[in-house]
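Below is one structure, written out as C-alpha cells; comments come after it.
Quick note: the coordinates plus some simple rules give every number you see, no bench work behind them. This one's a predicted model, so the numbers in the text were calculated from it and none came from an experiment. With ideal geometry, Cβ positions are generated from the backbone for all residues, glycine too; neighbour counts draw on all protein chains shown.
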Amino acid sequence: MERPPTEQPVGRICFRGDSREPDEIFRDGFSSRRPDGAIRFRHVAPERRTIPAAHASAFERSGTTVLPKFEYSRDAGRSVEDPTRRVIEYPLPGDVDNDTAVCVTPRFVMATLFPPDIAVADTWIYVAHVQSAFNTHAQQVAEGLRAVKKEMQARLRVAVEQGEAVDARWPEFLEDSALWPLYAQELATKAVGGRDVVAAIPCRRVWSGRDWTFGARYTLYPERTRWNDGARVPRELVQAVRTFVAAEPTTGTTPSRASGFHPSFKTFQDASEFSS
C-alpha cells in the first residue's frame, strides 16, 4: 500500500496567489478544504503515443507498456489492428489533490497565476513563512525523469540496433508532457497560520489565451501592499520580504505550459547522455 506524502521541515518564505481579502487571510491563514487526513498525491492517466511497430521491441525492453494500435476499417466494418503501428504508454507526473493541501511556491512569478481562473483578473500575492511542507516538485521531478529515461533508452536502442537516424524532433519525445509541471516548483502543506502570513501584494492579470495554461501578463501594485501587523515571523525575514517587494519589477509575464520546462539538450546525442 502506497504511503501518503509526508511534510518535512521547510522554514522558508513562499508565495501563494489567492483572491480572498487580506483581512480574512491575516486572521485565518490558509487551510485545506479537507483538514482531516493526509495530503493526497494523485497519479494521472498515462500519456499515449503512436510509434512504428518496428520500434516496439526497443520500448518493451525499456520497461514501457506497448499496446496494439486499432483503426476503424470501412471494409471490415469494425476496428482492426494496424500491423505497422503500436501505442506506447508512459506514466506522467502526478499532482497533489488540491482539496487535501494548501499549495505554495518559492517562485514568485508562479504565484501570479493563481487562482487559475481566467474570469478572475485581480488577486493577491501572499507572502508567508511556511514551516513544513511536502515537496511536490521533487516528486514530480522523480516521476517525470523516469518517464524520460525510459524513452531515451528506447530511442537509443532504435538508433544503435536498427541504424535509424533519430534526433530530438522524433514524435515520441516526451519532455513537453513528462516535464512541463516542474516549473511551478510547488510545495504542499496542510495549513499556513494567519500569523505566518507576512504581506499581501495586489496583482492584476491579463490572460493570454483560452485558459490559464496559456499564461498571463501581470501588474503588481507594491505601494498598496498590505502588511500583517499580527504576523509572528522573525524580524530578519520580514525585512527581507520588504526588500524583495521594493525591488520586484511591477510588470511581468507568467510562464505558460508551452514555455514551462524543457531540457537544455538540443540533439539526440545530448538526450541520450542525459538519460544515462
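Tabulated results
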{"read-out": "Amide H partners (placed H, <5 Å) of Val96, local residues excluded", "value": "Arg42"}
{"read-out": "Long-range amide H partners of Phe70 with built H, under 5 Å", "value": "Asp82"}
{"read-out": "Mean Cβ neighbour count within 10 Å, used as a protection proxy, ranking 141-147, 218-224 highest first", "value": "141-147, 218-224"}
{"read-out": "Full-stretch length increase - Thr219, Phe244 - with 0.36 nm per residue and alpha-carbon distance subtracted", "value": "7.4 nm"}
{"read-out": "Computed FRET value (nearest 0.05) for Arg235 with Glu24, which takes r as the C-beta separation and R₀ as 22 Å", "value": "0.30"}
{"read-out": "Long-range HN-HN contacts of Gly215 with modeled amide H, under 5 Å", "value": "Ser208, Arg257"}
{"read-out": "Whole-Hz ³J(HN,Hα) from phi, Karplus 6.51 cos²θ - 1.76 cosθ + 1.60, for the range 83-97, glycine and proline x", "value": "x, 9, 9, 9, 10, 10, 10, 10, x, 9, x, x, 7, 6, 5"}
{"read-out": "Percent of alpha-carbon pairs separated by more than 17 Å within the range 1-150", "value": "73"}
{"read-out": "Extension reserve of the Arg195-Trp227 stretch, reckoned as 0.36 nm per residue once the Cα distance is removed", "value": "10.4 nm"}
{"read-out": "Additional length obtainable on full extension of the chain from Thr6 to Ala142, 0.36 nm per residue less Cα span", "value": "47.3 nm"}
{"read-out": "Pair Ile118, Ser73: separation of 7 Å Cα→Cβ label points (nm)", "value": "4.2"}
{"read-out": "Kirkwood Rh and Cα Rg combined as Rg/Rh, the range 19-81", "value": "1.39"}
{"read-out": "Whole-Hz ³J(HN,Hα) from phi, Karplus 6.51 cos²θ - 1.76 cosθ + 1.60, for the range 103-115, glycine and proline x", "value": "9, 9, 8, x, 9, 4, 4, 5, 5, 5, 7, 10, x"}
{"read-out": "Using θ = phi - 60° and Karplus 6.51 cos²θ - 1.76 cosθ + 1.60, couplings along the range 6-22 (whole Hz; Gly, Pro as x)", "value": "10, 7, 10, x, 10, x, 9, 7, 9, 10, 8, x, 7, 7, 5, 6, x"}
